[in-house]
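Heads up, the thing below is written out as structure tokens.
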Amino acid sequence: MNIAGKIREFIQENLVVWEDDISFSDTDNIFQLGFVNSLFAMKLLNFVEIEFDIKIENNEIELVNFSSVANMERLVKSKLMQAHE
Amino acid sequence: MNNIVTPASIIEEARLFAKEHIRPYTTRFEENNGIPRSLINKMGEHGFLGAVFPPLYGGLGLDPIAYGQMTEEIGKACCSTRSVLTVHTSLVGQTILRFGTEEQRSYWLPLIASGKKIGAFALSEAETGSDAGSVKTSYINHEDEYAITGRKKWISLGHIADFFIVIASCKEKVTAFIVERDETVTSTPMQGLLANRAGHVAEITFNNTRIPAANILGKEGIGLSHIINTAMDYGRYSIAWAGLAIAQEALESMATYARQRTQFGQKIYKFQSIQQMISQAVVNVHAARCLCLKAGQMRSENHPDAVVETIVAKYHTSKTAMQIATDAVQLHGGNGCYNMYVPERLFREAKILEIIEGSSQVLQGIISEFGLKKYYTKAHE
């Protein structure tokens, strides 16, 4: 599975909305939509670091970096590129 | 002589330490309104205070399960002494380990591990309990430093703490700061508490307390989303084992008393009503231990659901502790209401665990969300 797919799957496993037909795009802000609970920001940070074996620095813990699948994918890709430079 | 430190040896050392240095003095600690600083220093000398930190920072590198089992040994003997592990080591130390800069980790963690500096977590206020984001303690930015003003309440170890993780707000931002006690920080011990009477619980006032920007923990604005939630997760894991400790201790007191106490010409364990209480306690303690071990294992594996399994464990062990401590008082009769017997204290201490680090009611909401997601089966699939 690619990076965006893994992130999307993790978000879906942690949604706290109960309609069967719920959906979100890669650019939807999952926090603004109320799709996740108050613990999710912490869980998401842990997930991204462990799943992709990267270290997110404190100055990178911006909500914008974690607000959508696309933004997280961008952050993860940039961290992976840094690691290989 | 074998001096190799293993998880098992540390747990056994904690048991012996509790037997010699804590258990005989628990009532005295309460009467004196606090565990002595010398006891905390001794815990540091034995490595308990940094047990879960990496050796690089003066710790023993214990895994979560061994740390939990060590916490249980201390917690069985005295809840206030165990609160040093919950607050100083877990809430403060582990949060600095997780979000601190390398400079912060290198400076603070060895001091925490040795007990040379005592830390407290200053979140709660008179009007701020479960709603952690509503803190009134505020901060303002003065060029390269910040100034904090406000009053915290219910702060365990607050009266003897040398430094604090302080949660404060500025407009919409909630931020965590590492704040050393100075002349602008005053503390007032809280009297009249139901329990944790020896835990140096205090109200803390910060009066324009100046701190350098380098003392922000994590980053400005992530105090609620990351720092508090992470600290509470560490704290809840500690409290899960604290609940198990009370439940186990209460069960042992029941089994022992039931075999020694005679009424109506026979030992009371022969009465079916007593057997029922003891059997329920055995089952619930075993179940609680399984949940703690499962949470610990998942934390070791960095499992994404470790957070919620920790919540499940904390919820269950705190409820179980309250139930078994209540039964222990009942089984002891009048002696259960007397502080010369253990159940009197366990009964008071157990109630606290249903409130701190996420009240049972708050945790029910999270557990319910988890269940609605995990156990949903679409019909006919």
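A few notes on this one:
- Only Cα pairs under 8 Å and 6+ residues apart enter the sum, and on that basis the relative contact order of the stretch B:121-220 stands at 32 percent.
- Applying 1/(1 + (r/R0)^6) with r as the Cβ-Cβ distance of B:ASN339 and B:ARG37 and R0 = 25 angstrom yields a FRET efficiency of 0.60.
- Relative contact order for chain B: 15 percent, from Cα pairs under 8 Å spaced at least 6 residues apart, divided by residue count.
- Within the stretch A:23-57, GluC sites (Glu not before Pro) in DSSP loop having at most 12 other beta-carbon neighbours inside 10 Å: A:GLU57
- Residues of chain A: accessible area per residue with a 1.4 Å probe, Å²: 54
- Between the helical axis of B:272-300 and the longest alpha-carbon principal axis of chain B there is an angle of about 30 degrees.
- Across every direction, the projection of the convex hull enclosing the Cα atoms of the stretch A:3-84 has a mean area of 5.1 nm².
- Average accessible surface area per residue within the stretch B:279-328, 1.4 Å rolling probe, Å²: 38
- Put the Cα centre of the stretch A:1-55 next to the Cα centre of the stretch B:70-140 and the gap is 29 Å.
- Spacing of the modelled spin labels on B:THR101 and B:ASN302, each 7 Å from Cα toward Cβ, amounts to 2.4 nm.
- Annotation for the stretch B:183-210 versus the stretch B:289-312: alpha-carbon center distance of 33 Å.
- Exposed loop sites were defined as trypsin sites (Lys or Arg not before Pro) in DSSP loop states (anything but H, G, I, E or B) carrying at most 16 other C-beta atoms within 10 Å; in chain B the longest segment without such a site runs B:262-377.
- In summary, the aspartates and glutamates within cross-link reach of B:LYS42, defined as a Cα separation below 20 angstrom excluding same-chain residues under 8 places away, comprise B:GLU12, B:GLU13, B:GLU20, B:GLU30, B:GLU72, B:GLU73, B:ASP162.
- Fraction of accessible area attributable to carbon and sulfur, the stretch A:1-84 (%, probe 1.4 Å): 48
- Proximal lysine pairs, the stretch B:121-220, alpha carbons under 14 Å, eight or more residues apart or interchain: 5
- Its relative contact order, with pairs defined as Cα atoms under 8 Å and 6+ residues apart, puts the stretch A:3-84 at 40 percent.
- Cleavage-rule hits, trypsin sites (Lys or Arg not before Pro), the stretch A:15-85, DSSP coil, Cβ neighbours within 10 Å at most 14: A:LYS55
- Taken over the stretch B:7-118, the alpha-carbon convex hull comes to 82 cubic angstrom per residue.
- Förster radius 22 Å - calculated FRET efficiency between B:ASN141 and A:GLN82, Cβ distance, rounded to 0.05: 0.15
- Distance between the modelled labels on A:VAL64 and A:ALA4, one decimal in nanometres: 2.0 nm (7 Å Cα→Cβ projection).
- Unsatisfied cross-links (Cα-Cα over 19 Å) in the set A:LYS6/A:LYS43; A:LYS43/B:LYS351; B:LYS76/B:LYS267; B:LYS76/B:LYS319; B:LYS76/B:LYS314: A:LYS43/B:LYS351; B:LYS76/B:LYS267
- Take the Cα of B:CYS170, go 7 Å toward its beta carbon, and the backbone nitrogen atoms of the stretch B:218-252 under 16 Å from that spot belong to B:218-224.
- Volume per residue for chain B equals 163 cubic angstrom (convex hull of Cα atoms).
- Take chain B and mark each of the chymotrypsin sites (Phe, Trp or Tyr not before Pro) that is in a DSSP loop with at most 15 other Cβ atoms within 10 Å; the longest unmarked stretch, sites excluded, is B:1-263.
The values are calculated or read from the model by the stated rules, or taken from the named source; none is laboratory data. Given the structure is predicted, the values throughout are model-derived calculations rather than measurements. Neighbour counts run over all protein chains shown; Cβ positions are idealised from the backbone, glycine included. Only protein heavy atoms, including side chains, enter the accessible area calculation; ligands, DNA and RNA are left aside. Shrake-Rupley method; radii C 1.70, N 1.55, O 1.52, S 1.80 Å.
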